[in-house]
1. Out of curiosity, is Glu276 open to solvent by less than 20 Å² (accessible area, probe 1.4 Å), under 30 Å from Gly402 (Cβ atoms) and free of Cβ contacts under 8 Å to residues at least 24 places away in the same chain?
2. Of these, Arg431, Arg371, which one is over 26 Å from Glu37 (Cα atoms) and without any contact (Cβ under 8 Å) to a residue 24 or more places away in the chain?
3. Quick one: how many residues across the stretch 215-252 are modelled with pLDDT under 95 and within 17 Å of the chain's Cα centre (by Cα)?
4. Could you tell me whether any residue of the stretch 335-343 is among the polar types (S, T, N, Q) and either in a strand (DSSP E or B) or under 28 Å from Tyr200 (Cα atoms) (or both)?
5. If we keep just the residues of the stretch 349-373 that are of a type in the set (D, E, K, R) and not in a loop (DSSP other than H, G, I, E, B), which is surrounded by the fewest Cβ atoms within 10 Å (Cβ to Cβ)?
6. Look at the stretch 10-62 and say how many of its residues are within 16 Å of Ile185 (Cα to Cα) and over 19 Å from the mean Cα position of the chain (by Cα).
7. Can we say Arg133 is out of contact with any Ser or Thr (no Cβ under 7 Å at 6 or more places or on another chain) and closer than 16 Å to Glu192 by Cα?
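The values are calculated or read from the model by the stated rules, or taken from the named source; none is laboratory data. What you see is a predicted model, and the numbers here were worked out from it, not measured in a lab. Positions of Cβ are backbone-derived with ideal geometry, glycine not excepted, and every protein chain shown enters the neighbour counts. When the accessible area is computed, the model is the full protein with side chains, heavy atoms only, and any ligands, DNA or RNA have been set aside. Shrake-Rupley method; radii C 1.70, N 1.55, O 1.52, S 1.80 Å.
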Amino acid sequence: MADKILSLAKRRGFVFPSSEIYGGAGSTWDFGPLGVELKNNVKRAWWRSMVQLRDDIVGLDAAILMHPRVWEASGHVENFIDPLVDCRSCKHRFRIDELPDGERLIDAWRAGSVDLSSIACPRCGQKQLTVPRKFNLMFKTHVGPVEDSASVAWLRPETAQGIYVDFENVQQSARRKIPFGIAQIGKAFRNEITPGNFLYRSLEFEQMEMQYFVRPDDAAARFEEWKAERMRWYVSLGIPEAKLRFREHAGGELAHYAKAAVDIEFAYPFGWKELEGIHNRSDWDLRRHSEYSGKDLSYFEEATKDKFIPHVVETSGGADRGTYAFLLAAYDEEPDKEGIRTVLRLHPALAPHKVAVLPLSKNEKLTPLAREVWASVRGHVMTTYDETQAIGRRYRRQDEVGTPLCVTVDFDSLEDRAVTIRERDSMAQVRVPIAELTERLRERLPGC
Ligand SMILES: [Zn+2]
């Protein structure tokens, strides 16, 4: 399954390995013409549901480079580390949690009492692992021409901190009262030692994060609300409920900032893996930024005359791993008279192209009308045009990239000024007047 998606992604222009003509850059990916449309649609659907359709959330686009103290306050300089060991025999490198019984070893490492002398290398079987050393997952760079400790800057490993440091600016300029949220979509970077599984874990990725600021006594209830809401969002865009589940984090695996955490997991071909995290972060973030910046970020509530540091409920999703999940969930094969029909059953709101305009054949009599129809539709929805090869082949090509509707212009169209709409999923066809085409397409494209 993963192989089929990988091959489809490359062949049809969804995703390419970065810098492929140089042999690839390793765990970095480029989104091709169809991929950028799909991923933009995922982000647009998220923004629509999290910002546009709500009266309690506003948007933000913070800079990737931030003051280095931000990452001390956030705990990332100290805590955002992987424990790594090397095998002296085969030279392979592992994170401790990749070793047999990894979770127990991680706990022991956190407690400062890990002993790897009896652990065999999963690669070569020798018991020659080094003692663990700490490796910070943040990419380090320097601002200005001098590479010294005073010029250190980090590529942000999450977008959330931009929201926290702008909390007061947003709250006051947008005149928001608690509870309210700030949403952001943006790139983040993590120097993962063991990236992999295609788009699932890459060095550079895009997050869709929302921080919801609440009263301390409201956090637990909001956490439950956001769990339900975020699950609803994935289902509403076509991921079957059977492929989604919640997984609560046990006490020992909670991140340094979290009071409670749950993952929404998706059934990837390599197992159940996190698609999105929902976290009750308590007042950790704003309290730490108050301490480190010297700026009091507490909030005064008019109605109750209470003054408090807001607590945060966070929803943190990945645009790339989300796009991958939508692709996997949509992929379908069904037998037909020519063998196998491959269909991406993408929700219309996510499909890269909503409509393909296809003249029955490449013919000088049909082309002008087909182009006229194309021009009338493309101002309304994302549309493509294809006139090469047999019409059956072209339908299959559109099915394979998830185009929900094809519009066919045939020789009768020249006489009756009508065209045929063909639906991707049912393959049903219906004849409609060109004058009504836009309206008929709209009815069939909810949420586009
Ligand atoms: Zn080894």
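1. Values: open to solvent by less than 20 Å² (accessible area, probe 1.4 Å): yes; under 30 Å from Gly402 (Cβ atoms): yes; free of Cβ contacts under 8 Å to residues at least 24 places away in the same chain: no.
Taking the combined requirement at face value, the residue does not satisfy it.
2. Values: Arg371 fails: over 26 Å from Glu37 (Cα atoms).
That would be Arg431, the only listed residue that is over 26 Å from Glu37 (Cα atoms) and without any contact (Cβ under 8 Å) to a residue 24 or more places away in the chain.
3. Here the count works out to 0.
4. The initial filter retains those residues of the stretch 335-343 that are among the polar types (S, T, N, Q), namely 342.
The next check asks that each one be either in a strand (DSSP E or B) or under 28 Å from Tyr200 (Cα atoms) (or both); those that pass are 342.
Within the stretch 335-343, one or more residues are among the polar types (S, T, N, Q) and either in a strand (DSSP E or B) or under 28 Å from Tyr200 (Cα atoms) (or both).
5. Step one: list which residues in the stretch 349-373 are of a type in the set (D, E, K, R), which gives 354, 362, 364-365, 371-372.
Then keep just the ones that are not in a loop (DSSP other than H, G, I, E, B); that gives 371-372.
Working: Arg371: 15, Glu372: 12.
It comes out as Glu372.
6. Adding up the residues that qualify gives 2.
7. Yes: the conditions hold for Arg133.
Residues checked against (1) outside the structural domain of Arg88 (by TED's automatic domain parsing); (2) modelled with pLDDT under 90; (3) more than 30 Å from Gly59 (Cα to Cα); (4) not polar (S, T, N, Q):
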site	(1), (2), (3), (4)
Gly112	no, yes, yes, yes
Ala120	no, no, yes, yes
Gly144	yes, no, yes, yes
Ala160	yes, no, no, yes
Val165	yes, no, no, yes
